[in-house]
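This report concerns only the one structure given below.
The values are calculated or read from the model by the stated rules, or taken from the named source; none is laboratory data. Every value quoted in this text rests on a predicted model; they were computed, and no experiment measured them. Here Cβ is always computed from backbone atoms with ideal geometry, including for glycine, and neighbour counts include all displayed protein chains. The accessibility values were calculated without ligands, DNA or RNA, using every heavy atom of the protein model including side chains. Shrake-Rupley method; radii C 1.70, N 1.55, O 1.52, S 1.80 Å.
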Amino acid sequence: MAANNRRMSGKKGAQVGSGGQRRRGLEGKGPTPPAEMRKGHKKNRIATAKAKQTARRPAPRGRGGKSSSELVVGRNPVVEALREGVPASTLYVQQFIDNDERVREALQLAAERGGINLMEAPRPELDRMTNGLNHQGLVLQVPPYEYAHPEDLAEAAYDEGEDPLIVALDGVTDPRNLGAVVRSVSAFGGHGVVVPERRAAGMTAGAWKTSAGTAARTPVARATNLTRALEAYKKAGIVIVGLAADGEHEIGELEALQGPVVIVVGSEGKGLSRLVGETCDFRVRIPMPGGAESLNAGVAAGIVLYEAARRRV
């Protein structure tokens, strides 16, 4: 009993443990976070302000919306699309397909490109995907194209210290013409192409192929209303030049091509629509001594872009 009293001496009442508090207090708190993450630090305040600024700033690309995904169907079209660098997300190959030269090339190109999923699918599934088209066992899925906003094209030009050189297409419905215009804009140092959202060609696989890879570096913007987009350009101090067979000026005489300009190209058959034509500051014609009545959009845009680039050198 005496021994027990000695053990309990100096202690009054029930004893409560620390609950591990003392042990946890001795443990380290991990590495010190960087200054940008420490609340109240000067660098943290700067980083927070930059993040808020970035959140308020509109995205430079993609504000024009996205197109829907597209399928390229058939052995030759699939191989050609892969050769031309058309963006692709998935290559579907039919199960038990006859492994000919085109199939082998498609598989090789997809593997070399990287980032393309290879999927094996039964024939009924490919028939369903393509609505019964003659897919020949190969289907390539092209992801949606992210369109810029018309304002983005002018802003990008000014950011580079250059006057905007933009082409707008009015009523051009052939994707190959759009691809040809994109190629010309890229060749002559332009800053992009604007297309209407409705009743107009979009960036399909055909447009990508015709652009010969230049669509990867030349933005295409989509306008809900082309006339309003042109009026917004005018308010920003950009001259609107429309191409018309009965234009009052010849392209060689137009000094406006030296400054910020949007060149508007109409369809081969109808030309510029009435409202778009009325919005233009100048209507110009391309002299054609050979007597041809009109040029397709790709050729016409290329001629005017060359003249604009020549004047800007």
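Residue count for the stretch 102-112 under the criterion of being open to solvent by 80 Å² or more (accessible area, probe 1.4 Å) and either in contact with a Leu (Cβ under 7 Å, 6 or more places away or on another chain) or outside any helix (DSSP H, G or I) (or both): the result is 0.
Can you tell me which residue in the stretch 242-253 is farthest from Gly179 (Cα to Cα), limited to those that are surrounded by fewer than 23 Cβ atoms within 10 Å (Cβ to Cβ) and in contact with a helix residue (DSSP H, G or I) (Cβ under 8 Å, 6 or more places away or on another chain)? Step by step, filter the stretch 242-253, then rank; the result is Gly252. The residues in the stretch 181-208 that are out of contact with any strand residue (DSSP E or B) (no Cβ under 8 Å at 6 or more places or on another chain), open to solvent by 30 Å² or more (accessible area, probe 1.4 Å) and among the hydrophobic types (A, V, I, L, M, F, W, C) can be counted, and the count is 1. What residue, among those in the stretch 113-133 that are farther than 24 Å from Thr210 by Cα and among the small types (Gly, Ala, Ser), is most open to solvent (accessible area, probe 1.4 Å)? Top of the filtered list is Gly132. If you go through the stretch 269-298 and keep only what is under 22 Å from Leu178 (Cα atoms), open to solvent by 50 Å² or more (accessible area, probe 1.4 Å) and either free of Cβ contacts under 8 Å to residues at least 40 places away in the same chain or β-branched (Val, Ile, Thr) (or both), you end up with Gly269, Arg274, Ala292, Leu295. Taken over the stretch 175-208, the criterion of being modelled with pLDDT of 90 or more and charged (D, E, K, R) is satisfied by Arg176, Arg183, Glu197. Among the candidates Val93, Val142, the residue that is open to solvent by less than 30 Å² (accessible area, probe 1.4 Å) and more than 30 Å from Gly190 (Cβ to Cβ) is uniquely Val93.
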